[in-house]
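Q: Structure provided below as structure tokens; questions to follow.
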Amino acid sequence: MQAIASLAAVSETEALQTGQALFEIGNAEDDFFVVTAGLIELSDSAGFHFTHDAGDVVGGPAAFCNGLSNYAAVARAPATVLRIPQQEFYDQAEEHGRLLRGALAFLSLELEGLQGLSLT
């Protein structure tokens, strides 16, 4: 609980209207974005589209590999997003082992899902 309270203290809330960009291709900052309400669509120049809803980390695992600069993110409905500075997240993870374990569990679940897709 302390780790989440600490992250909340360093995060910023962004309210987006339908069609408003969270970031453009090549302009993603070194932040994590968590959708708290609404829909955020992630897309790339090759035609990939994925819609994130409440509770999702925008970009999923790509966010943890500095891969968001290859994507654009746009609100597809009025949305609220938490912006967590990447360095602040890692600083909190050093102090709170459960935060790091939670991030690793998230990445493991995402990997399992991707592996399941590649097997079918």
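Q: How many of the residues in segment 46-80 are in a loop (DSSP other than H, G, I, E, B) and out of contact with any Phe, Trp or Tyr (no Cβ under 7 Å at 6 or more places or on another chain)?
A: Summing the residues that are in a loop (DSSP other than H, G, I, E, B) and out of contact with any Phe, Trp or Tyr (no Cβ under 7 Å at 6 or more places or on another chain) in segment 46-80 gives 13.
A quick yes/no check of all residues on (1) within 18 Å of N27 (Cβ to Cβ); (2) at pLDDT 90 or above; (3) surrounded by fewer than 18 Cβ atoms within 10 Å (Cβ to Cβ):
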position: D53; (1), (2), (3): no, yes, yes
position: A72; (1), (2), (3): yes, yes, no
position: A77; (1), (2), (3): no, yes, yes
position: T80; (1), (2), (3): no, yes, yes
position: Q86; (1), (2), (3): yes, no, yes
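Q: Okay, next question. Could you check segment 1-19 and list, in sequence order, the residues that are in a strand (DSSP E or B) and either exposed (fewer than 11 other Cβ atoms within 10 Å of the Cβ) or touching an Asp or Glu at 6+ places or on another chain (Cβ under 8 Å) (or both)?
A: Those that are in a strand (DSSP E or B) and either exposed (fewer than 11 other Cβ atoms within 10 Å of the Cβ) or touching an Asp or Glu at 6+ places or on another chain (Cβ under 8 Å) (or both): E12, T13.
Q: Can F48 be described as surrounded by fewer than 12 Cβ atoms within 10 Å (Cβ to Cβ), in contact with a Leu (Cβ under 9 Å, 6 or more places away or on another chain) and modelled with pLDDT of 85 or more?
A: Criteria met by F48.
Q: Tell me, yes or no, whether segment 20-32 has at least one residue that is assigned to a loop (DSSP other than H, G, I, E, B), surrounded by 15 or more Cβ atoms within 10 Å (Cβ to Cβ) and acidic (D, E).
A: Looking for residues that are assigned to a loop (DSSP other than H, G, I, E, B), surrounded by 15 or more Cβ atoms within 10 Å (Cβ to Cβ) and acidic (D, E), one finds none in segment 20-32, hence no.
The values are calculated or read from the model by the stated rules, or taken from the named source; none is laboratory data. Small disclaimer: the values here were computed from a predicted structure and weren't measured. For neighbour counting, all protein chains shown are included, and Cβ atoms are generated from backbone atoms with ideal geometry for every residue, glycine included.
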